[in-house]
Amino acid sequence: MKRLSSSGHPALAVRPERGWIGRRGWHVGVLILIALAPLVFQDSYWRTNLIVCSINIMLAIGLDFILGYAGQLNLGHSAFYGIGAYASTLLITKLGVPFWVAFVLAITLSGIAGMALSIFAVRLRGHYLAIASLGFAVIVHQILLNWISLTQGPLGIYAIKPPPEIALPGLPSISFSNTANMFYLVAGFAFLFYLLLDQLVRSPIGETLAAIREDEVSASSFGINCAGWKVFAFGIGSALAGAAGAFYASFVGTLVPDAFIITESFTILAMVIVGGMGTLIGPVWGAILLTLLPEVLREFGDLRLVLYGAALTLVVLFMPGGMVQAVEILRARVRRSPAAASGGMRP
Amino acid sequence: MVTVALQQTINGVVFGSLYVLVALGLTLIYGVLVQINFAHADVVTIGAFAAYFFTFAFGGNYLISIGVALMVGAALGWLVNAAIFAPLRERGSELLPLIATIGVSILLQNAMLLWFGPIPYAFDSPYSNEVIRLWGGTFITWQNVIIVVVSALTIVLLYAFMRFTITGKALRAVAQDRETAGLMGINPDHLIMLTFVLASALAGMSGAMLGPILVLTPFAGTTVIVKAFAIVIIGGFGNVEGTIIAGLAVGLIESYTTQLINPGLTDIVVFTLLLLMLALRPTGLIAEKREETV
């Protein structure tokens, strides 16, 4: 069996603790950046972009966990994103469930959907899973489009409320119709999910997943329950997509099925690959770059997706480790140490 | 009732035979290379646009435009292999070529969108309005006759080529075991190139025939390719006979679903079938006696 990952995974490279700042330091730095971002960007246009960016980060790290860490070729991430968005919205509007309960239920439901697909497809090799997940995404999109009594089909659902205000005693209440607060909420959760996955991949679970990804037969000969762990990884990754969907719906305020067509899966895939599959920080960079760069290049018109396609192809051809690999190479060149140059890429 | 059933059967066979053409390309490439080519969709679309511009901008004959689309498809196939699959082959990854061709597909679709615009093109084949009346009120347009006849001829020719020529034999040898075939003096690189050219030529010509019966936009190929993937899996990856049966079956199922249940549900039915197939019989309709290497 040809392995999915024989292209070399940066995840396998031994990651040195970062120099003089340390991991904790980086986390504080990121929190400060999140805190400052809405103050620097006062206009709603850029704040909107920042929120979309945070949502995309959630999607990208979730997909990377499935794809880069568990080695499962998932082309249906848009489906879990859509399930999360529609589930939370319908729970709120049709059943009157409070937002945060709906949020948790949406995450659960997306996770269960992911696990169900994974259980279903666990016997399948890479390409079969790719097509199965693609088919799953088509089915979900078509159901959203055709179950008109529930989803209003192509007409969409409008005027979805933002998350309810949080009123802490003694403090002014926090309204999420304010874009700055919404950004703090979504970015905060994206950061939280990142930390969660970071813990996971550093734990023995991460090593188990790597073992399965690299050689399933050997892994199972060590007594690892490969099927079980694959389902687990799929569940976690798609649950994060569910969270992203719930935030998307409550932020944008309208839902149409076409927001979750299979092309969306490819867009998320592009973020993961361009950033660097199999590392957690890579997809974050990929999501930021591919969300913000097109906005910067807006004057070139509809080039956005042309750019995505070109980036995806070129990265796969010339730098399969993505931006992470590029940074490693640059770093190595700065230090002029040839040993470090091979650290990021294993051809 | 019988009339309706008959009419839907005709429509099903028409679409089914085009699906077969597209899916055969995918399955040929998979058979030889064990790789999925997402850019196949855009070869279909570009084939359709090539035929459109040949007939309308240059006033060419529609039947000749099918040949033009075939040539354009073949050229694109050569390009996709030379630019994407050949450089990535030595890395031996299942994932990278797939992702790279997704990239190519996004690139081509959106470049076409910029170029041709989002408004569907009215590709009126001169044969679309001429109807042959059949028994009991059913009818078939000349366009559909052309589709079925050309597809059937192509499939028979391809089959004969694979069965009876030395090159076809070599192709099958490479599909079975690339390394051993190499030892027997077959140059796998040439045959892989040939496979891409053949497969994409099929996609191009099916585009030319799909154009008039489908909504011609830059995304036309995608709707077809997603079904072609389902067909390839239902038929068994790399299995030519299975692909032909599955393609016709999917065409018919679609057609009956449209009539009996709801046109919106066709994709759901087809893909539920795909998932069921994967769960129950992942080797496809016709189980292949190929050994799995672990």
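The values are calculated or read from the model by the stated rules, or taken from the named source; none is laboratory data. Keep in mind that this is a model prediction, so the values were computed, not measured. Note: ideal-geometry Cβ built from the backbone for every residue, glycine included; neighbour counts use all protein chains shown.
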Filtered residues of segment A:259-284 (kept if in a loop (DSSP other than H, G, I, E, B), within 12 Å of chain B (Cβ to nearest Cβ) and small (G, A, S)) = A:G278
Just for helices (runs of 4 or more DSSP H) wholly inside segment A:143-217: which have at least 2 residues that are within 21 Å of A:A239 (Cα to Cα) and aliphatic (A, V, I, L, M)?
-> A:179-202, A:204-214
Read through the list (1) surrounded by 15 or more Cβ atoms within 10 Å (Cβ to Cβ); (2) more than 7 Å from chain A (Cβ to nearest Cβ), then give the number of the only condition that B:P118 fails.
-> (1)
Contacts under 7 angstrom Cβ, first residue in segment A:171-193 being closer than 11 Å to A:I55 by Cα, partner surrounded by fewer than 17 Cβ atoms within 10 Å (Cβ to Cβ) and aromatic (F, W, Y), 6 or more apart = none
Limited to segment A:76-120, what total is found for residues that are without any contact (Cβ under 8 Å) to a residue 12 or more places away in the chain, more than 14 Å from every other protein chain (Cβ to nearest Cβ) and within 20 Å of the chain's Cα centre (by Cα)?
-> 1
Where A:I224 falls short, out of the listed (1) within 14 Å of another protein chain (Cβ to nearest Cβ); (2) not in a helix (DSSP H, G or I) | (1)
Being part of a helix (DSSP H, G or I) and within 13 Å of chain B (Cβ to nearest Cβ) is the filter here, so list the residues in segment A:309-329 that pass it.
-> A:G309, A:A310, A:A311, A:L312, A:T313, A:L314, A:V315, A:V316, A:L317, A:F318, A:G322
Given the residues B:I225, B:I192, which is the only one that is among the aliphatic types (A, V, I, L, M), in a helix (DSSP H, G or I), touching a residue at least 40 places away in the same chain (Cβ under 8 Å) and surrounded by fewer than 24 Cβ atoms within 10 Å (Cβ to Cβ)?
-> B:I192
Is segment B:228-236 home to any residue that is assigned to a loop (DSSP other than H, G, I, E, B), away from chain A (no Cβ under 14 Å) and either more than 18 Å from B:T27 (Cβ to Cβ) or not aromatic (F, W, Y) (or both)?
-> no
Within segment A:239-258, is even one residue closer than 14 Å to A:G82 by Cα and within 13 Å of chain B (Cβ to nearest Cβ)?
-> yes
Can you give me the number of residues within segment A:127-147 that are within 9 Å of chain B (Cβ to nearest Cβ) and more than 23 Å from B:F38 (Cβ to Cβ)?
-> 2
Near pairs, Cβ below 8 angstrom, 6+ apart or cross-chain, from segment B:2-15 (farther than 13 Å from B:E254 by Cβ) to any residue that is aromatic (F, W, Y) and modelled with pLDDT under 85 = B:L6/B:W135; B:Q7/B:F139
Of the numbered conditions (1) at pLDDT 90 or above; (2) touching a Lys or Arg at 6+ places or on another chain (Cβ under 7 Å), A:P294 satisfies every one except a single condition; which is it?
-> (1)
Matching residues in segment A:285-308 - criterion: being within 8 Å of another protein chain (Cβ to nearest Cβ) and farther than 21 Å from A:I57 by Cβ = A:G301, A:D302, A:L303, A:V306
Kindly check whether there is at least one residue in segment A:186-201 that is surrounded by fewer than 16 Cβ atoms within 10 Å (Cβ to Cβ), of a type in the set (A, V, I, L, M, F, W, C) and in contact with a Gly (Cβ under 7 Å, 6 or more places away or on another chain).
-> no
Given the structure, is B:G136 in contact with a Leu (Cβ under 9 Å, 6 or more places away or on another chain) and at positive phi?
-> yes
Test result for B:V269, within 14 Å of chain A (Cβ to nearest Cβ), at pLDDT 85 or above and in a helix (DSSP H, G or I) | yes
Looking at segment A:70-128, which of its residues are part of a loop (DSSP other than H, G, I, E, B), under 15 Å from A:I236 (Cβ atoms) and among the small types (G, A, S)?
-> A:A70, A:G71
Out of all the residues in segment A:80-116, which are of a type in the set (G, A, S) and surrounded by fewer than 23 Cβ atoms within 10 Å (Cβ to Cβ)?
-> A:G96, A:A116
Selection from segment B:116-151 of residues that are over 24 Å from the mean Cα position of the chain (by Cα) and not in a loop (DSSP other than H, G, I, E, B) | B:V131, B:I132, B:R133, B:W135, B:G136, B:G137, B:F139
Restricted to segment B:122-141 and to residues being buried (at least 17 other Cβ atoms within 10 Å of the Cβ) and touching a helix residue (DSSP H, G or I) at 6+ places or on another chain (Cβ under 6 Å), the residue nearest to the other protein chains (Cβ to nearest Cβ) is B:F123
